[in-house]
């Protein structure tokens, strides 16, 4: 397996994936999401695990999982609800907040048994990929583009379309 690691500046937690959209849809998405941000207070986010999608036997994505956080789950559920009101398909799967840290090229993985269970040989143990707890004081509408402009090592480029400060966040805290 060959992992292509994301740049830390591209780390993010997806609250609601909307798919391919025409840019003309952005103003109505922003208008719908503003009231969600106004009723959610900043929250502490803690990374707690590591894994891969679809699973660690043949991952295409490596991720850092986020600790159970009712406030984050509520934020994602509110966004899912308001986006459903705009015609987006409601999420049927359980929300699994995570930070994507790498994309994998080959889906053949060799495993070692260690004290933490089965881990790919070239995937560092979770203790080597720890994230500090952080205060989430905003969410953003992001646009992802493949291979255009300043792309990261994975070929993706993330653009911030709009920043939504959470209730009570000071403007100097939100960038």
Original post:
Just one of the numbered conditions (1) within 20 Å of residue 142 (Cβ to Cβ); (2) not in a strand (DSSP E or B) is not true of residue 41; which one?
Top reply: (1)
**OP:** Quickly run through segment 55-84 and pick out the residues that are part of a loop (DSSP other than H, G, I, E, B) and in contact (Cβ under 8 Å) with a residue 40 or more places away in the chain.
**Re:** 56, 57, 58, 59, 60
Original post:
Within segment 20-60, restricting attention to residues that are under 14 Å from the mean Cα position of the chain (by Cα) and modelled with pLDDT of 90 or more, which residue is nearest to residue 2 (Cα to Cα)?
Top reply: 46
Original post:
Looking at segment 21-34, which of its residues are farther than 14 Å from residue 159 by Cβ and exposed (fewer than 10 other Cβ atoms within 10 Å of the Cβ)?
Top reply: 22, 24
**OP:** Return the pairs, sorted by first residue and then second, in which the second residue is modelled with pLDDT of 65 or more and part of a strand (DSSP E or B), the first residue lies in segment 140-161 and is on the phi > 0 side of the Ramachandran plot, the beta carbons are less than 6 Å apart, and the residues are 6+ apart or on different chains.
**Re:** 149/157; 155/146
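The values are calculated or read from the model by the stated rules, or taken from the named source; none is laboratory data. Here the structure is a predicted model, which means the values were calculated and not measured. Glycine gets a Cβ as well: all are built from the backbone with ideal geometry, and neighbour counts include every protein chain shown.
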